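Data block below; observations after.
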Amino acid sequence: MIRLMLLDDHALVRTGYRRLFDAEPDLRVVCEAAGADEACACLREREIDVAVVDLSLKGASGIEAIRRILQRNRAIRVLVLSMYDEPGFVRQAFRAGAIGYLTKDCEPDELMKAVRSVAAGRRVLGEGLASAVLCAEYDAEAVLERLTPREFEVLRLAANGDAAACIARCMHLSQKTVVNHLSAVRQKLGADNDFMLMRLAVRHGLVSLEQKGPI
């Protein structure tokens, strides 16, 4: 039996996935979480084989959640199930420790197969993502690869308008550490000011123009 944790901040979404997984004879959802803190609490109470993680969470994203989950138990296999199909998110999820990545428009059969593959320690990349990631490797603008997963997460939160103090609380860091990460991000991306940083965030899909208005 493969024991699953669902990490998604929408209860209705978790309910739908739970029904799909629990209908399979070899899969069982043993806990659900809406955020990284709840996920870490689950680890203290349950034995988990595979964590199915959404990247779009309230507060710290799934990328930070992946890091924290694996920090507590390196044996857990992580499968990302996200609406994001941008290569930057895919690469950062793998760098954080995920071994599988699917988008939420995948077919149920593909999801079940991916969970079983990830549980066996095999890397999984959803249909259509592999070519996009490969092309991005040769793209001169694939600058987000220069960032560590933690720097990527700080940038994502800052681009969405969170203040350094808020980011510090979400990521369980000191405010000074967050400021230092932002400084490193600006240096690595060649952004002299916050306006340039926002432009880069929009270009690479970390935040949309609809969310933030004209840039």
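The values are calculated or read from the model by the stated rules, or taken from the named source; none is laboratory data. Keep in mind that what you see is a predicted model, and the values were worked out from it rather than measured. Cβ coordinates were reconstructed from backbone atoms using ideal geometry, including for glycine residues, and neighbour counts include every protein chain displayed. Note: areas computed on protein heavy atoms with side chains; ligands, DNA, RNA excluded. Shrake-Rupley method; radii C 1.70, N 1.55, O 1.52, S 1.80 Å.
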**Request:** Would you check if Leu55 is hydrophobic (A, V, I, L, M, F, W, C) and under 25 Å from Val202 (Cβ atoms)?
**Result:** yes
**Fill in**
Gly88 passes all but one of the listed conditions (1) crowded, with 16+ Cβ neighbours inside 10 Å; (2) without any contact (Cβ under 8 Å) to a residue 40 or more places away in the chain; (3) closer than 20 Å to Glu127 by Cα; the exception is number (2)
**Request:** Collect the residues in the range 1-16 that are open to solvent by less than 40 Å² (accessible area, probe 1.4 Å) and farther than 16 Å from Arg77 by Cα, keeping them in residue-number order.
**Result:** Asp8, Asp9, Arg14, Gly16
**Message:** Going residue by residue through the range 3-11, is there one that turns out to be modelled with pLDDT under 90 and assigned to a helix (DSSP H, G or I)?
**Reply:** no
**Request:** Tell me, yes or no, whether the range 21-32 has at least one residue that is assigned to a loop (DSSP other than H, G, I, E, B), open to solvent by 50 Å² or more (accessible area, probe 1.4 Å) and without any contact (Cβ under 8 Å) to a residue 60 or more places away in the chain.
**Result:** yes
**Request:** Would you please name the residue that is surrounded by the fewest Cβ atoms within 10 Å (Cβ to Cβ), looking only at residues in the range 156-188 that are basic (Lys, Arg) and either touching a residue at least 60 places away in the same chain (Cβ under 8 Å) or closer than 14 Å to Ser61 by Cα (or both)?
**Result:** Arg169
